[in-house]
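Written below as structure tokens is the structure these notes are about.
A short reminder: the numbers here are calculations on the coordinates, not readings from a lab. Note that the structure is predicted; figures quoted are calculated from it, not measured. Cβ placement follows ideal geometry from the backbone for every residue including glycine, while neighbour counts extend to all protein chains displayed.
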Amino acid sequence: MVTLKLGPLGCWELIRAAQSNDVEAEDAVKTPASDAPPPYAASSSRSASPTTTARRWLSFPRRGTTQGTSDAPLAVQRAQQLGRTASSQRPAFAPPPRTDNEQLRMYLLEILAFTLGANIDALTAALHHRAPVNEGTTSLLTAPEHAHLLCLAQTVQHLQQKTVRNELNTMAPPCMTEALHKILCPAQELASDTFEAYALDLIASYNDHQCDPHKWLHTLVGYWKRNPVLICGAPLAEWKYTLSTHAYLIAAIAPTQRVQQVLGNALERYQEEQKVTGFKYVCYYWPRREGYADLAMLLKERERRGWYGVDSVDDGKRGMELPVNLVGFS
């Protein structure tokens, strides 16, 4: 059995079949079970039948898979090779209860650290005002915090989808209340009211990558790198503006200068790896994906008018199914 790799034509495997009419049956397109292409190893097998058939696997790169790992920071690429995820090594001790502002800050720091390939041990030491210790930690968050962040990200994505489909009248009030109290209001306190929509977009992106190195392309930096907006055939600078926005956000939410330094070093290192030039620091949060700016305006309007909450259990459930379990988190 011999495997021939024909580039864009896919990979063909030549085998000997017992019947000549097996050719059509064996010539089937098989798709890999995972996003990454399967390992192909040249091998051979012999059979008494003289008939040779061909069986093909498509090897076209899928959009948003690990085919484009060169776009990710080198630290993320090493984590991919080692099979590390955010759950590989979490903090040993549960943190004390945090306010909504501090909890959102930790969620944003986790996403930024993963996106930029920051050293989690150094970032943890900076957060807790102690000397760095090489413990191989891969996350700032505990398992319950990761679960709540995932729940929050799914909620925001659900609301964003209803926003772009003009389904605002059937949004579940508990979902809106959760997004308002856990993201929008804390975002105003951490940065400014112009940060609210970007905070929604950034939190929602967690549902796509979940700090898994093999899904790095689903971060906002990865998204705009592979989905540039074209104007007259020329790409706009969304990817570079996203890097500038990340720099602006780091300066806004870092609780200490050490934290800002660790994340800033990671951002600069990534820009050097990608040989990024020709852009400058900006003082606004852009670009944002479709629907998040409108969602932020809608939530603020409903807060102002005072009818975003749930008046009764029955009103909160009638015709409005929740996408996730919105059990309180502390």
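Some points to look at:
- Over the range 104-170: Rg over Rh, Cα atoms, Kirkwood Rh: 1.16
- Projected label points at GLN261 and ASP100, each 7 Å from Cα along the beta carbon direction, are separated by 3.4 nanometres.
- Segments 199-209, 125-135 sorted - mean Cβ within 10 Å per residue, highest first: 199-209, 125-135
- 3J(HN,Hα) along the range 247-252, derived from phi through the Karplus expression 6.51 cos²θ - 1.76 cosθ + 1.60 where θ = phi - 60°, amounts to 5, 5, 5, 4, 5, 7 Hz, with x in place of Gly and Pro.
- For the range 169-271, the alpha-carbon coordinates run over 40, 40, 28 Å along the three principal axes, in decreasing order.
- Look at the Cα gyration tensor of the range 68-305: its axes a ≥ b ≥ c give a/c of at least 1.5 with a/b at or below b/c, and that counts as oblate.
- Per-residue HN-Hα couplings for the range 256-261 [Karplus 6.51, -1.76, 1.60; θ = phi - 60°; Hz; x = Gly/Pro]: 9, 5, 5, 4, 4, 5
- For the range 131-137, putting each phi into the Karplus relation 6.51 cos²θ - 1.76 cosθ + 1.60 with θ = phi - 60° gives couplings of 6, x, 10, 7, 9, x, 5 Hz, in residue order, rounded to whole numbers and with x for Gly and Pro.
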